[in-house]
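Visitor: One structure is given below, represented as structure tokens, and several questions about it will come after.
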Amino acid sequence: LWTTGNVQKDNTSEFWHIGVLSICSSEYNYILGATPVQKKSNRSDTLRRMLQWFRQLTDYDVDRCYLDSEFFERAAFEACRDFNVDAMIQAKPVGDVGDLVDGVDQGGYDSASNVDFSSLTPRPNAFVAPVNPEETGAEKQDSHTAWITDLDVTERDLRGLAYQYRYRWRIETAINQLKNTFLGRCKSSQREVRTLYFGAAQLFFNFWVALQSD
């Protein structure tokens with residue numbers, strides 16, 4: 001998962017981007033890792049590093065990773081493949097994916113296997129689903145959302161896959177809580193100091209989630 005930091009205003013405030021790895025479900029949203037990143041272009045390297053940390057430090061298996069459209073790039077897909085994680089990345093309507101979006105019926109679902117994506121080999125699959133009415137608004141004008149994935153879309157319930165991905169959006173609320181409620185004020189330009197602050201905020205946030213779920 002990925003989010004950006006605060007908006008820079010009047011050239012007076014410096015901000016960092018934030019890489020976030022989280023568990024999202026109907027019952028709870030635990031933040032597994034949050035790390036500040038100076039350059040947004042480093043997002044896929046950050047994803048790879050966080051997946052490696054999680055594999056090394058825990059006994060849990062990660063078999064699927066839901067990523068937003070900012071990860072619609074070859075490096076992110078390769079990072080997931082290197083850790084045997086099935087990625088589901090919200091896709092931009094370009095190339096083969098764009099053709100799939102253009103051809104789907106209003107309110108319908110469709111899929112395609114072996115779509116061209118940055119000359120990636122083997123090729124991933126793609127599917128489209130209608131946008132949930134609750135997600136429409138001034139900033140959401142598209143009628144359908146598309147994803148690329150290594151999952152076999154011909155054997156899956158596309159409605160179910162789209163529904164599962166929607167839990168990823170629940171983490172936005174958790175991220176806002178972490179930043180605005182649990183994160184201490186830090187003006188340091190050192191990445192190590194910011195990482196320490198984020199680590200403390202993550203710990204307190206997860207304690208709070210655990211207490212709320214009891």
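Visitor: Could you give me the residue pairs with C-beta distances under 6 Å whose first residue belongs to the stretch 193-213 and is open to solvent by 90 Å² or more (accessible area, probe 1.4 Å), whose second residue is at pLDDT 85 or above wherever it lies, and which are 6+ apart or on separate chains?
Guide: Matching pairs, first to second residue: PHE204/PHE182.
Visitor: Can you tell me which residue within the stretch 156-214, out of those that are within 21 Å of ASN29 (Cα to Cα) and among the basic types (Lys, Arg), is modelled with the highest pLDDT?
Guide: Going through the qualifying residues, I end up with ARG166.
Visitor: Next question. Based on what the data block shows, is SER113 over 25 Å from TRP169 (Cα atoms), among the polar types (S, T, N, Q) and at pLDDT below 95?
Guide: no
Visitor: Name the single residue, out of those in the stretch 113-126 being in contact with a helix residue (DSSP H, G or I) (Cβ under 8 Å, 6 or more places away or on another chain) and buried (at least 17 other Cβ atoms within 10 Å of the Cβ), that is farthest from GLU155 (Cα to Cα).
Guide: Among residues in the stretch 113-126 that are in contact with a helix residue (DSSP H, G or I) (Cβ under 8 Å, 6 or more places away or on another chain) and buried (at least 17 other Cβ atoms within 10 Å of the Cβ), the one farthest from GLU155 (Cα to Cα) is PHE117.
Visitor: Which of the residues that make up the stretch 54-85 are open to solvent by 30 Å² or more (accessible area, probe 1.4 Å) and among the acidic types (Asp, Glu)?
Guide: Scanning the stretch 54-85 gives ASP59, ASP61, ASP63, GLU70, GLU73, GLU78, ASP82.
Visitor: Checking the condition within 12 Å of the chain's Cα centre (by Cα), modelled with pLDDT under 85 and under 19 Å from PHE198 (Cβ atoms), which residue from GLY19, GLY33 passes?
Guide: Going through GLY19, GLY33 in turn, the sole match is GLY19.
Visitor: If TYR197 satisfies all but one of (1) in contact with a helix residue (DSSP H, G or I) (Cβ under 9 Å, 6 or more places away or on another chain); (2) hydroxyl-bearing (Ser, Thr, Tyr); (3) within 20 Å of ARG49 (Cβ to Cβ), what's the number of the condition it fails?
Guide: (1) is the only condition that TYR197 fails.
Visitor: Being open to solvent by 30 Å² or more (accessible area, probe 1.4 Å) and outside any loop (DSSP other than H, G, I, E, B) is the filter here; which residues of the stretch 91-104 pass it?
Guide: Residues satisfying the conditions are GLY95, ASP96, ASP99, VAL101, ASP102, GLY103.
Visitor: Tell me which of these SER41 doesn't satisfy, since it passes every other one: (1) farther than 29 Å from ALA210 by Cβ; (2) open to solvent by less than 50 Å² (accessible area, probe 1.4 Å); (3) in a helix (DSSP H, G or I); (4) not acidic (Asp, Glu).
Guide: The failed condition is (2).
The values are calculated or read from the model by the stated rules, or taken from the named source; none is laboratory data. All of these numbers come straight from a predicted model, not from anything done at the bench. Counting neighbours? That spans all protein chains shown, and the Cβs are built from the backbone with ideal geometry, glycine included. Ligands, DNA and RNA are excluded from the accessible area calculation, which covers all protein heavy atoms including side chains. Shrake-Rupley method; radii C 1.70, N 1.55, O 1.52, S 1.80 Å.
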